[in-house]
Structure formats: C-alpha cells, structure tokens
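For reference, the structure discussed in these notes is given below.
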Amino acid sequence: MSSISLPRPFQYKRWGLKGEVIDQVEYLELFPTMDFLNVIQLIKLKDGTEMIRFGYYTRPHGSKEKWRYGSQMTLTMEKNTLKKMFKKALNKKWFKDLF
C-alpha cells in the first residue's frame with residue numbers, strides 16, 4: 001500500500017506538462033531530523049505519453065505531517081529514454097553489480 005494516494009495530479013508548469021502520477025514504488029529512509037520517502041513514479045501525461053520520475057517526499061523525523069514533494073532534485077524522462085539509459089548503464093560493472 002502506498003503512503004501517497006494515487007492517482008494524483010502531476011504538473012511541470014515550466015515545461016507546460018500536465019497529467020497524473022498513476023503508479024509508484026517507494027522506499028522509506030529515516031534520518032535523525034528528516035524522513036525521506038524515495039519514489040520512482042509512472043506518470044501519464046494528458047497526451048498519453050508515459051514518463052518515469054525519480055524523486056522524494058520529506059517530513060520531519062517521526063512526525064505524522066503530510067509528506068512534501070522535494071521538487072528541487074528530480075529526474076524525469078520518457079520511458080524509452082530510461083530504457084536506453086539502463087541499457088548503457090548495464091554495460092558498466094558498477095551498475096550491473098547493483099542487481
């Protein structure tokens with residue numbers, strides 16, 4: 001079960017992109033002052049394009065406050081671009097050893 005409700009609206013005003021986050025995987029990391037919910041999200045734009053976004057949500061450590069999206073450091077790309085990047089990365093021993 002997701003800690004963040006789905007689907008949820010998605011928008012990059014700067015790029016003029018709108019759609020929905022339709023699915024995600026998440027991993028919770030707890031630090032002394034801040035909790036991070038790291039995510040990989042599947043986004044479907046209004047025109048049907050599917051994109052992948054790597055990002056995170058934060059909240060003060062141990063709190064029940066609403067998660068806040070960390071918009072300063074996200075990686076967002078079309079699915080085919082991610083596929084190409086992973087194919088290249090799998091040629092690197094350090095990356096392949098992760099899996």
Give me a count of the residues in the range 11-31 that are under 19 Å from residue 50 (Cα atoms) and either in contact (Cβ under 8 Å) with a residue 40 or more places away in the chain or of a type in the set (A, V, I, L, M) (or both). 5
Positions within the range 33-75 being at pLDDT below 90, under 18 Å from residue 85 (Cβ atoms) and assigned to a loop (DSSP other than H, G, I, E, B), in sequence order: 73, 74
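Please tell me if residue 46 is over 8 Å from the mean Cα position of the chain (by Cα), loosely packed, with under 13 Cβ neighbours inside 10 Å, closer than 15 Å to residue 10 by Cβ and among the charged types (D, E, K, R). Explain how you work it out, then say what you get.
Details: over 8 Å from the mean Cα position of the chain (by Cα): yes; loosely packed, with under 13 Cβ neighbours inside 10 Å: yes; closer than 15 Å to residue 10 by Cβ: yes; among the charged types (D, E, K, R): yes.
Answer is yes for this residue.
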Which of the residues that make up the range 14-32 are hydrophobic (A, V, I, L, M, F, W, C), part of a strand (DSSP E or B) and farther than 21 Å from residue 82 by Cα? 28, 30
Here the qualifying pairs (Cβ atoms under 6 Å; residues six or more apart or on different chains; first in the range 65-83 and under 30 Å from residue 33 (Cβ atoms); second outside any helix (DSSP H, G or I) and among the basic types (Lys, Arg)) come out as 65/59; 67/59; 74/53; 76/53
Take residue 37 and tell me if it is buried (at least 17 other Cβ atoms within 10 Å of the Cβ) and either within 18 Å of residue 70 (Cα to Cα) or charged (D, E, K, R) (or both). yes
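Considering each of 98, 28, 45 in turn, give the residue that is of a type outside the set (Ser, Thr, Tyr) and touching a Lys or Arg at 6+ places or on another chain (Cβ under 8 Å).
On the way: 98 fails: touching a Lys or Arg at 6+ places or on another chain (Cβ under 8 Å); 28 fails: touching a Lys or Arg at 6+ places or on another chain (Cβ under 8 Å).
Going through 98, 28, 45 in turn, the sole match is 45.
The values are calculated or read from the model by the stated rules, or taken from the named source; none is laboratory data. Quick caveat, the model's predicted, so the values are computed rather than measured. Backbone-built Cβ (ideal geometry, glycine too); neighbour counts: all protein chains shown.
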